[in-house]
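Comments concern the structure below.
Since every read-out is calculated from the coordinates, none of them should be taken as a lab result. Treat the numbers as computed from the prediction; the structure is a model and nothing was measured. In this analysis, Cβ positions are derived from the backbone assuming ideal geometry, glycine residues included, and neighbour counts consider all displayed protein chains.
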Amino acid sequence: MNLSPSLRTAFVTLLSILTLAGCGSSDDKSVTLLNVSYDPTRELYRDFNEDFARQWQQQTGQRVTIKQSHSGSGSQARAVIDGLDADVVTLALAYDINSIQEKGKRLGANWQTRFPNNSAPYTSTIVFLVRKGNPKQIRDWPDLVREGVSVVTPNPKTSGGARWNYLAAWGYELHRQLGDWSKLDDPANAAQVEEAQASAERFVGEIYRHTPVLDSGARGATNTFVQREIGDVLIAWENEALLALKELGPDKVEIVIPSITILAEPPVAVVDTVVDRRGTRQIAEAYLQHLYSDAGQELAAKHYFRPRKPEILAKYGELFPTLPTFTIDEVFGGWSAAHAKHFADGGVFDRIYQAGAQ
Amino acid sequence: MSSFRQPSILPGFGLTLGFSVFFLCALVLIPLAALVMKTATMGWDDFLNVLFDPRVLASFRLSFGASLLAATLNGIFGFVIAWTLVRYDFPGRKLIDALIDMPFALPTAVSGIALTAVFAENGWIGEHLAPFGIKVAYTWIGVVVALTLIGLPFVVRSIQPALVEVQRDLEDAAETLGAGRFTIFRRIILPTVTPALLTGFTMAFARGVGEYGSVIFIAGNLPMKTEIAPLLIVIKLEQFDYVGAAAIGFLMLVISFVMLLSINLLQTWGRRRHVAAGR
């Protein structure tokens, strides 16, 4: 190469700056982690990151900075698939992490078994938020489809929370028809199960006919219900409902617990390809493990997520009443099956709207 | 080709043309080519399925229909506003003039949230419309309102310079020859302003078709009813259906292109006719 001396000097300077910068980031004294999460966990992880950073520095002497990214769960998964360098993902539903695994090949297929409790360190459920005094007397799922009741829930095509809402309603009607989950797996009851599934489709369709707005995310739906005063009832994450109750005060809204609901398990995972390249596997795993510690579980409970540890859940019992729940695995055969049947293009959700338009 | 060989009076033709071509390729042509190529990976059957999906068709009707309506409204009221600003001098004129640009500068999400707050049933304007059974927010009317706000500056800013250009002595001459006000408007002002009006209309329309940020807040986003085509693209992407999203994008591109081209042709034809009539 024939470079002029001044250009060569500039080149060498640039190279040395880059090398120095490279050293800086792999320095043992400090490390950064990127946690890509979904909307309602913003407040939780702000506190949790602080706690983890303090504990990590005490243990290892290393300083850690954790960066946060929040948006709809589905679009976050897409960002990671398209190359966002997340060390860990903490999303709204397992389907989104499955997609990162299947479409992005960025983590192992066994990701959900790597941490306890299906890799979901905290849980939530789906409850109703109604206006003060519950003027429309909404007590349980069937009240949502009563004449004159208007329901707010986000779009299940774009919102993870909305999918939980949808499946919770479906499960309620299925359970009402069958009375017992065990019938689902018993071939002898095939006809009855089919009947119940059809009934559930009608019931869920009826709920969406009572829905005047489909926001793209859970937070947007909360705002529509609270700020715009649209609708008589908001189907929401329990954590989102409790947060709204705290922010707005009990003189504005009330929480109604339905007779049965779904157990929502927002999972966490380490993104293998990223941590191996950046050399952050150890700290990324410790970060997620810390969610299961007493301190992590306390913070989850403080931010209205149900902790897994029974003793901490009991401590916050007033916040989290016990109620009958079902899981997506036992009723819908897991997220992949549920997604293919209900939310994929041409699935049940599309059918509901196409039937409604004719 | 002769224009290539003709030496231009201005120097730097090669440099500026090279720059223009490079810029257009990097920012417009290559991304569009990628869109077309992504769509091409899908078979004819799948493509037709997307094309005739009732939900896609409904969203196209809404996106293009609302944009046309909004651009038409802007054509009428934008003209009035531009007329007021150019022809009259009054206190606060500069302020109003500056306000016109606000939709340009405002993040679209802010416009959308603000409009929703005002037009929702508990909003300042919405609560007065509700007793008449008129719902704006969360209906197609809301979509038109949002697109009208977004498109307004395009129309006003296109018409203003054209209106300034209208020769006042021509109007005076017409008046001395006995032309009424309407005739002056129709025969003198309108022909001068029409090309600019059409340009503004086209830009407002094109902007409306692509608008996403403000509309999703006010639309309600119900499939088949108030779902715009760009939202459908986002929904497809959320489901990792990149090809389906590209197909809808491609269709929008084709429809927009055809519409813009016909407006342009209309403009050329109008100009020719105007020149011929003037002779």
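Only one entry in A:Asp294, A:Asp329 is more than 14 Å from chain B (Cβ to nearest Cβ), among the charged types (D, E, K, R), surrounded by fewer than 20 Cβ atoms within 10 Å (Cβ to Cβ) and under 17 Å from the mean Cα position of the chain (by Cα), namely A:Asp329. The test for being surrounded by 14 or more Cβ atoms within 10 Å (Cβ to Cβ), of a type in the set (Phe, Trp, Tyr), closer than 30 Å to B:Asp101 by Cα and away from chain A (no Cβ under 12 Å) does not hold for B:Phe257.
Residues that are in contact with a helix residue (DSSP H, G or I) (Cβ under 8 Å, 6 or more places away or on another chain) and in a helix (DSSP H, G or I) within region B:113-128 comprise B:Ile113, B:Leu115, B:Thr116, B:Val118, B:Phe119, B:Gly126, listed in sequence order.
Inspect all residues belonging to region B:176-183 and state whether any of them is polar (S, T, N, Q) and away from every other protein chain (no Cβ under 14 Å). The answer is yes; a qualifying residue exists. Applying a threshold of 8 Å to beta carbon distances and a minimum spacing of six or more residues, or different chains, the list of pairs starting in region B:140-153 at a residue that is free of Cβ contacts under 8 Å to residues at least 12 places away in the same chain and ending at one that is among the hydrophobic types (A, V, I, L, M, F, W, C) reads B:Ile141/B:Ile134.
A single entry from A:Glu147, A:Glu229 fulfils the requirement of being part of a loop (DSSP other than H, G, I, E, B) and within 14 Å of chain B (Cβ to nearest Cβ): A:Glu229. Residues that are under 21 Å from B:Ala245 (Cβ atoms), surrounded by 15 or more Cβ atoms within 10 Å (Cβ to Cβ) and more than 10 Å from every other protein chain (Cβ to nearest Cβ) within region A:337-346 comprise just one, A:His342.
For the residues B:Gly249, B:Gly210, the requirement of being under 14 Å from B:Leu62 (Cα atoms) and away from chain A (no Cβ under 12 Å) singles out B:Gly210.
All of B:Val164, B:Val155 fail the test of being surrounded by 20 or more Cβ atoms within 10 Å (Cβ to Cβ), β-branched (Val, Ile, Thr) and not in a loop (DSSP other than H, G, I, E, B), apart from B:Val155.
Of the candidates B:Thr194, B:Thr202, B:Thr268, B:Thr226, the single residue that is outside any helix (DSSP H, G or I) and of a type outside the set (A, V, I, L, M, F, W, C) is B:Thr226.
If the condition is being touching a residue at least 24 places away in the same chain (Cβ under 8 Å) and surrounded by 15 or more Cβ atoms within 10 Å (Cβ to Cβ), then region A:191-209 contributes A:Ser199, A:Ala200, A:Glu201, A:Phe203, A:Val204, A:Gly205, A:Glu206, A:Ile207, A:Tyr208. Scanning region B:108-128 for residues that are in contact (Cβ under 8 Å) with a residue 40 or more places away in the chain and small (Gly, Ala, Ser), we see that the one that is farthest from B:Val144 (Cα to Cα) is B:Ala109. Hey, B:Phe182 hits all of (1) part of a helix (DSSP H, G or I); (2) surrounded by 11 or more Cβ atoms within 10 Å (Cβ to Cβ) but one; which does it fall short on? Of the numbered conditions (1) part of a helix (DSSP H, G or I); (2) surrounded by 11 or more Cβ atoms within 10 Å (Cβ to Cβ), the odd one out for B:Phe182 is (2). Of all the residues in region A:175-190, those that are in contact with a Leu (Cβ under 9 Å, 6 or more places away or on another chain) and either of a type outside the set (A, V, I, L, M, F, W, C) or surrounded by 24 or more Cβ atoms within 10 Å (Cβ to Cβ) (or both) number 1. Taking first residues from region B:58-76 that are touching a residue at least 24 places away in the same chain (Cβ under 8 Å) and partners that are among the polar types (S, T, N, Q) and assigned to a helix (DSSP H, G or I), the Cβ contacts under 8 Å between residues at least 6 apart in sequence or on separate chains come to B:Ala70/B:Thr148; B:Ala71/B:Thr202; B:Leu73/B:Thr148; B:Asn74/B:Thr148.
From the list A:Ala236, A:Ala169, the lone residue that is buried (at least 24 other Cβ atoms within 10 Å of the Cβ), under 23 Å from the mean Cα position of the chain (by Cα), assigned to a helix (DSSP H, G or I) and in contact (Cβ under 8 Å) with a residue 40 or more places away in the chain is A:Ala169. For region A:33-53, a tally of residues being under 12 Å from the mean Cα position of the chain (by Cα), without any contact (Cβ under 8 Å) to a residue 60 or more places away in the chain and assigned to a helix (DSSP H, G or I) returns 1.
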